[in-house]
Amino acid sequence: MSKGKILTLIVLLLVLIAIFTLYPILLAREYPDLTNRGTFGDSFGALNAMISGLAFAGIIYTIILQQNQLKMQSEELGLQRNELELTRRELNRSASAQEKSEQALAKQAENMELTSKISLYTAMLNSCADLISKDSGINYEEKQRIRNKMKSLSAKLEEIGDEMIK
């Protein structure tokens, strides 16, 4: 609360205290007889009933306002739940897409490994073929060993090809 509002509240409180303090004194001076005081007090009965009725109407109005606020909060909560559900679905889709991407990357890495093996074995086969074709003084046994190595490399290349097809 601001200082101005607090000051206004204090002034109103002091005025009310002054009225409640001075009222019996003024009433006793104006109406010294008790029967006249009773009649004077009874004349405010309708005003008292009206003020009580207004207070009751204010309470009913406050209840209606609170009911509307609760209804609005309930609707807002429903909207938040819907938004949360949509967010949850989107996160699930995102996680699924990320898993698929991870699987694709793993497959790509596997294919790259197989490709590098193919390149290596092909280079080795070419090297062996060059050794045999150049006839650089290699004896028959050595050529047979190289040919066997070439067969082994060819078999490995076929295995890799079969793996890539899977």
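The values are calculated or read from the model by the stated rules, or taken from the named source; none is laboratory data. Here the structure is a predicted model, which is why all the values come from computation and not from measurement. So basically every Cβ, Gly included, is an ideal-geometry build from the backbone, and we count neighbours across all protein chains shown.
For the range 105-122, give me the residue count where each residue is among the aliphatic types (A, V, I, L, M) and either over 14 Å from Met164 (Cα atoms) or modelled with pLDDT of 95 or more (or both). It would help to see each step written out before you state the result.
Restricting attention to the range 105-122, the residues satisfying the condition of being among the aliphatic types (A, V, I, L, M) are 105-106, 109, 112, 114, 118, 120.
Now narrow it down to the ones that are either over 14 Å from Met164 (Cα atoms) or modelled with pLDDT of 95 or more (or both): 105, 120.
The number of residues fulfilling the criteria is 2.
When you scan the range 126-166, how many residues do you find that are aliphatic (A, V, I, L, M) and either without any contact (Cβ under 8 Å) to a residue 12 or more places away in the chain or closer than 27 Å to Glu110 by Cα (or both)?
At the first step, the residues of the range 126-166 found to be aliphatic (A, V, I, L, M) are 129, 131-132, 138, 146, 150, 153, 155, 157, 160, 164-165.
The next check asks that each one be either without any contact (Cβ under 8 Å) to a residue 12 or more places away in the chain or closer than 27 Å to Glu110 by Cα (or both); those that pass are 138, 150, 153, 155, 157, 160, 164-165.
Residues in the range 126-166 being aliphatic (A, V, I, L, M) and either without any contact (Cβ under 8 Å) to a residue 12 or more places away in the chain or closer than 27 Å to Glu110 by Cα (or both): 8 in total.
Condition first: in a loop (DSSP other than H, G, I, E, B) and modelled with pLDDT of 75 or more. Now tell me which residues in the range 29-44 satisfy that.
Initially, the range 29-44 is screened for residues in a loop (DSSP other than H, G, I, E, B), giving 31-33, 43-44.
Tyr31, Pro32, Asp33 - these are the residues of the range 29-44 that are in a loop (DSSP other than H, G, I, E, B) and modelled with pLDDT of 75 or more.
Go through Phe20, Phe56, Phe40 for me and flag whichever is loosely packed, with under 10 Cβ neighbours inside 10 Å and not charged (D, E, K, R). Before the answer, list the steps.
Details: Phe56 fails: loosely packed, with under 10 Cβ neighbours inside 10 Å; Phe40 fails: loosely packed, with under 10 Cβ neighbours inside 10 Å.
The match here is Phe20.
Residue under question is Leu153, and the condition is that it be in a helix (DSSP H, G or I) and in contact with a Leu (Cβ under 6 Å, 6 or more places away or on another chain); does it hold?
Details: in a helix (DSSP H, G or I): yes; in contact with a Leu (Cβ under 6 Å, 6 or more places away or on another chain): yes.
The answer is yes for Leu153.
Run Gly137 past the list (1) outside any helix (DSSP H, G or I); (2) in contact with a helix residue (DSSP H, G or I) (Cβ under 8 Å, 6 or more places away or on another chain); (3) not aliphatic (A, V, I, L, M) and report the number of the one that doesn't hold.
(2)
Being within 25 Å of the chain's Cα centre (by Cα), polar (S, T, N, Q) and either farther than 30 Å from Met164 by Cα or modelled with pLDDT of 95 or more (or both) narrows it down to one of Thr62, Thr87, so name that one. Break it down into steps so the answer makes sense when it comes.
Working: Thr62 fails: within 25 Å of the chain's Cα centre (by Cα).
Only one candidate passes the filter, namely Thr87.
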